[in-house]
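What follows is a single structure, written as structure tokens, with notes after it.
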Amino acid sequence: MKVRSIIIACAGLVGTIAFSSPSPVHASEWGCEVLLCASNPAGWQTIGACHPPMYKLIAAMKNPGFSWPTCPEAGTGSPGYQRYDDCPTGWEETADPGLDRGNDKSFCRRRKTNCSGRGEGYDCQPYEYQPRPVRSKPYYFDIRDTEAGASSRHWFNLNK
């Protein structure tokens, strides 16, 4: 995973202000700390210096009107969120078969292969269902690599 462009954009800003200055951290500085910590492949929980900004984030998320701190210097905005992982191969996303929840794609389904024919007493349901897997890391940042001109997705969670 390449986080080089993040580090270049944020390291000087965060390093000098967050770790050596007793002054309060401003929103973009905090946003850069969150981005650096969340994009750590080992997880922010493994880095002691990441605990304060991430705990601050988790606490702030409970406040009405919360908005993610961002890091404009790194060219990223707020993270994305995907609660569910992809369905297994051969399965498709669908809503709960027993409830009408509209866009809640919390189940996977696939067409049964042994459901053919018609006739009296025929009661074959054409699909089988299973709950979609829940992601262990549902949040993500898409981080652009300015040198390669591509972006990579960095998944993270907010579990303490």
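The values are calculated or read from the model by the stated rules, or taken from the named source; none is laboratory data. Note that the coordinates shown come from a computational prediction; the quantities given were computed from them, not determined experimentally. All Cβ positions, even for glycine, are placed from backbone atoms using ideal geometry, and neighbour counts span all protein chains on display.
Side notes on the structure shown:
- If only residues of region 55-75 that are in a helix (DSSP H, G or I) and of a type in the set (G, A, S) are counted, the one that is surrounded by the most Cβ atoms within 10 Å (Cβ to Cβ) is A74.
- Verdict on C124 being in contact with a Cys (Cβ under 6 Å, 6 or more places away or on another chain) and at pLDDT below 80: yes
- Residue match in region 90-107 (condition: loosely packed, with under 12 Cβ neighbours inside 10 Å and at pLDDT 90 or above): yes
- Qualifying positions in region 57-109 - touching a residue at least 12 places away in the same chain (Cβ under 8 Å) and touching a helix residue (DSSP H, G or I) at 6+ places or on another chain (Cβ under 8 Å): L57, W68, P69, T70, C71, P72, E73, A74, G75, T76, P79
- Some residue of region 135-155 being surrounded by 10 or more Cβ atoms within 10 Å (Cβ to Cβ), over 27 Å from P72 (Cβ atoms) and at pLDDT below 75: no
- For region 29-40, taking the residues that are under 17 Å from D142 (Cα atoms) and either part of a helix (DSSP H, G or I) or aromatic (F, W, Y) (or both), the one that is nearest to the chain's Cα centre (by Cα) is identified as A38.
- Just so you know, in region 76-87 the residues that are surrounded by 15 or more Cβ atoms within 10 Å (Cβ to Cβ) and under 19 Å from S28 (Cα atoms) include one that is farthest from the chain's Cα centre (by Cα), and it is T76.
- Region 41-54, subset surrounded by 13 or more Cβ atoms within 10 Å (Cβ to Cβ) and in contact (Cβ under 8 Å) with a residue 12 or more places away in the chain, residue farthest from the chain's Cα centre (by Cα): A49
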